[in-house]
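Encoded as structure tokens, the structure appears first; notes follow it.
Since every read-out is calculated from the coordinates, none of them should be taken as a lab result. Every value quoted in this text rests on a predicted model; they were computed, and no experiment measured them. Cβ: placed from backbone, ideal geometry, glycine included. Neighbour counts: every protein chain shown.
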Amino acid sequence: MKKLIYIICGIVVGGLISYCIFGCNSLKSLPAQEKSEGLRGVYDIDKNINEKTIDNYLGRSDVVYRDVRMLEDTATWENKGGERNLTGFVRGFEVIPYAYLTEFPEEYVEQKKQENVSGLYSGKTLFRLENGKYVANYKESMEILEYIFPKDKTIFLMCGAGGYANFTKQMLGALGWDTSKIYNVGGFWSYDGKHAISTVIEGTNKCDFSKVPYHNIDFSRLTEVK
């Protein structure tokens, strides 16, 4: 009988701890957006919710968490101290590459070349840029975007260093999203919290992407707008 009581008590205590970690977080109001200083501010990385503090804001029912890196980036990010492969991510974040959402602005491509980063993805995308406006390449483009980035939720965006996340926020804002509910929480390359999930296969330089919650876009199944 005592053993049964201990088991029940353990379940109750465990439930309370989980609630305090996740449930209580969802009841607290998020701090208003505030840009970081310096270059991080240029990328619109938030001063209060970022790589250093994100662990305090995980598991919220009112937030969707999106990492907008590619599984295998085509750009030479190693020339700037970054990584091509998605070697890890923060637990709770789902991956959807910004590079598949829309093309990179020409000025960004040129800027990266000056920083010795070349080979940015230039394949198929849901949208394209025409005179600064986002134009759908497929009939399903907006539907897909609204599914992955629900407008009734707060959205936390992360990438490698903050740049892709910034572009994603700009794009969503231009297409009708409320940017006051979209936070650029910075880059995984600067994350040192307790909820990192590694994709690296031990003893190799390869990654196991089966661990990654990934939103794949199969362009071959979409209806092209002509």
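Below is a table of values for the structure above.
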| read-out | value |
| --- | --- |
| Taking Met158, Met142 and counting other C-beta atoms within 10 Å, the order from fewest to most | Met142, Met158 |
| Of Leu222, Met70, Thr154, farthest towards positive along the dipole that unit charges on Lys, Arg, Asp, Glu beta carbons give the chain | Thr154 |
| Residue range of the chain that is longest and free of GluC sites (Glu not before Pro) which are both DSSP loop and sparsely packed (at most 13 other C-beta within 10 Å) | 116-201 |
| Quarter of the Cα convex hull surface for region 124-180, i.e. its orientation-mean projected area (nm²) | 4.4 nm² |
| Estimated dipole of the chain in Debye, rounded to 20 [Cβ of Lys and Arg +1, of Asp and Glu -1, Cα centre] | 700 debye |
| Neighbour-count ranking [beta-carbon atoms within 10 angstrom, fewest first] of Asp55, Asp44, Asp62 | Asp62, Asp55, Asp44 |
| Mean separation of Cα contacts under 8 Å (6+ apart) over length of the chain, as relative contact order % | 25 percent |
| Estimated [θ] at 222 nm from DSSP helical runs (n ≥ 4, -39500 (n - 2.57)) normalised by residues in the chain, nearest 500 | -7000 deg cm²/dmol |
| Kyte-Doolittle mean at least 1.0 and Cα axial length at least 20 Å: DSSP H helices in the chain | 2-18 |
| Candidates Phe167, Phe89, Phe209: whichever shows maximal mean-square fluctuation once the chain is modelled as a Gaussian network with Cα springs under 10 Å | Phe209 |
| Principal axis box of the chain, alpha-carbon based, largest edge first, Å | 71, 43, 42 |
